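Report on the structure given below.
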Amino acid sequence: MTTTVGVVVFPGTNCEMDAVFAVERMGGEGRLLWHADDDLGGVDAVIVPGGFAHGDYLRPGAIARFSSMMGAVAGFAADGGPVLGICNGFQVLTEAGLLPGALQKNSGLRFLCQPTVLRVETSESILTGRASMGAELSVPINHFEGNYTCDDETLARLRAEDRIVLRYVDNPNGSVDDIAGVCNEGRNVVGLMPHPERACDELLGSADGAVLIGSLLDAA
Amino acid sequence: MEFDVLVDVRLRGGIADPAGATIERALPALGFDGVSGVSVGKTVRFTITAVDVGEATTLAEDLCASFLTNPVIEDASVSVSPVGDSA
């Protein structure tokens, strides 16, 4: 049976079709989920994609997290369902308390839109099950508020529990400990600032994201 | 009673403040020397209905903690005064 991945759409989301494309490129089926609905419709995994949900007013993700659909996503995550937040979706998941920490403005004070090299730090997550530890993947970033931060205690926990999923090889935005992506305690919720869904075909400059999206489908 | 609420949201120490840093860097070129510690935050104003100033303050602080600020990166102070009290 085809794996179905729900892709949450808020007003201002703009990467939902990229996510659907990547899921379908990897053999799954993408299904859009409107933020104001509260029914996941039996999907096998959820992607909270990039964009500017609710215009990023107040803070990125601050308003989005109150959407009905996010209540359903939180329940799905609590039951062990795979949930992936990409870029703005990562910001939404931190605001929703599904992932620790927060994303502050890039340390270089610039919006960044460029390829980055990510190092896989663990293959024990819904995003990296197919990847080899230490593998380096070329995946683009596209953000102004992608500088991951958390308190020292949280960072120590993330390290001790092997919850830093991906690190930047050459840190572009000032993220603490070069963190590009983290997971929750259950390892079924992952957030990352880079866009693997935009790196699933050589025509796009890199197909290195395919192993990550493929891992999500495996986990579903 | 109605109360005017003013919430002053500031980035916590150590959190990147590109707007503040950019303003501070520009000041010497404009002839303003000796200015430091520039930080840019945001102000949120609203009116709240409550029985007294204590309840209004509690409501405003709850709203602040659950929505208006992200405690990982921001601090806030809340001021509450009866509507029409210009102080």
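Some observations on this one:
- Expected-Rg normalisation [2.2 N^0.38 Å, Cα atoms] applied to the stretch A:50-178: 1.05
- Taking every protein chain into account, the accessible area of the protein assembly as shown amounts to 44 square angstrom per residue (probe 1.4 Å).
- Residue by residue, the stretch A:32-47 carries 3J(HN,Hα) couplings of 6, 10, 6, 4, 7, 7, 10, 10, 6, x, x, 5, 8, 7, 10, 10 Hz when phi is fed to the Karplus relation 6.51 cos²θ - 1.76 cosθ + 1.60 (θ = phi - 60°); x denotes Gly or Pro.
- Karplus (6.51, -1.76, 1.60) ³J(HN,Hα), θ = phi - 60°, over the stretch A:195-211, in Hz, Gly and Pro reported as x: 10, x, 5, 9, 9, 10, 7, 4, 4, 8, x, 6, 10, 5, x, 4, 5
- Within the listed set A:Ala19, A:Ala77, A:Ala156, the residue fluctuating most in the Gaussian network model of chain A (springs between alpha-carbon atoms under 10 angstrom) is A:Ala156.
- For the stretch B:16-81 versus the stretch A:10-83, the spacing of their alpha-carbon centroids is 30 Å.
- Simple spin-label estimate for B:Arg12 and A:Asp218 in nanometres, 7 Å along Cα-Cβ: 3.6 nm
- For the stretch A:27-120, relative contact order (Cα pairs under 8 Å, six or more residues apart, normalised by length) works out to 29 percent.
- Karplus 3J(HN,Hα) series, Hz, for the stretch A:56-71 with 6.51 cos²θ - 1.76 cosθ + 1.60 (x for Gly, Pro): 6, 5, 6, 7, x, x, 5, 8, 4, 5, 8, 5, 4, 4, 5, x
- Overall, the accessible surface of chain A at a probe of 1.4 angstrom is composed of carbon and sulfur to the extent of 48 percent.
- Estimated buried accessible area (total), pair A and B, 1.4 Å, Å² to nearest 100: 1200 Å²
- The stretch B:2-82, relative contact order in percent, only Cα pairs under 8 angstrom and at least six apart counted: 52 percent
- Shielded residues, the stretch B:65-81 - accessible-area loss of 30 Å² or more between chain alone and all protein chains, probe 1.4 Å: B:Ser66, B:Phe67, B:Asn70, B:Val72, B:Ile73
- Hull volume per residue, based on the alpha-carbon atoms of the protein assembly as shown and their convex hull, is 154 Å³.
- Heavy-atom accessible area, 1.4 Å probe, ligands and nucleic acids excluded: residues of the stretch A:91-106 down by at least 50 Å² from chain alone: A:Gln104
- Computed over chain A: relative contact order in percent, which uses C-alpha pairs under 8 Å that are six or more apart: 22 percent
- Within-14-Å neighbourhood charge of B:Thr22 [Cβ basis; K, R +1; D, E -1]: +1
- Around B:Ala65: net Lys/Arg minus Asp/Glu count, Cβ-Cβ under 15 Å: -2
- Ellipticity at 222 nm from helices only: DSSP H runs of n ≥ 4 in chain B, each -39500 (n - 2.57), divided by the residue count, give -6500 deg cm²/dmol.
- In this structure the amide hydrogen of A:Ser206, modeled in the peptide plane, comes within under 5 Å of the amide hydrogens of A:Asp201, none closer than 5 places in sequence on its chain.
- Fraction of alpha-carbon pairs over 22 Å apart in the stretch B:2-82 - percent: 40 percent
- On the beta carbon distance between A:Ala36 and B:Val35, with R0 = 41 Å, the FRET formula returns roughly 0.30.
- Amide H contacts under 5 Å for A:Val189, placed H, 5+ residues apart: A:Val83, A:Asn184
- Apportionment of accessible area to carbon and sulfur, chain B, percent (1.4 Å): 56 percent
- Long-range amide H partners of A:Ser175 with built H, under 5 Å: A:Tyr148
- Proportion of all alpha-carbon pairs of the stretch A:1-78 beyond 18 Å (%): 38 percent
- B:Thr43/A:Met1 FRET efficiency (R0 41 Å; Cβ-Cβ; nearest 0.05): 0.20
The values are calculated or read from the model by the stated rules, or taken from the named source; none is laboratory data. Please read these numbers as outputs of a predicted model, since none were measured by experiment. As a convention, Cβ positions derive from the backbone with ideal geometry for all residues, glycine included, and neighbour counts pool all protein chains shown. Each accessible area value is taken on the protein alone, full model and side chains, heavy atoms only, with ligands, DNA and RNA left out. Shrake-Rupley method; radii C 1.70, N 1.55, O 1.52, S 1.80 Å.
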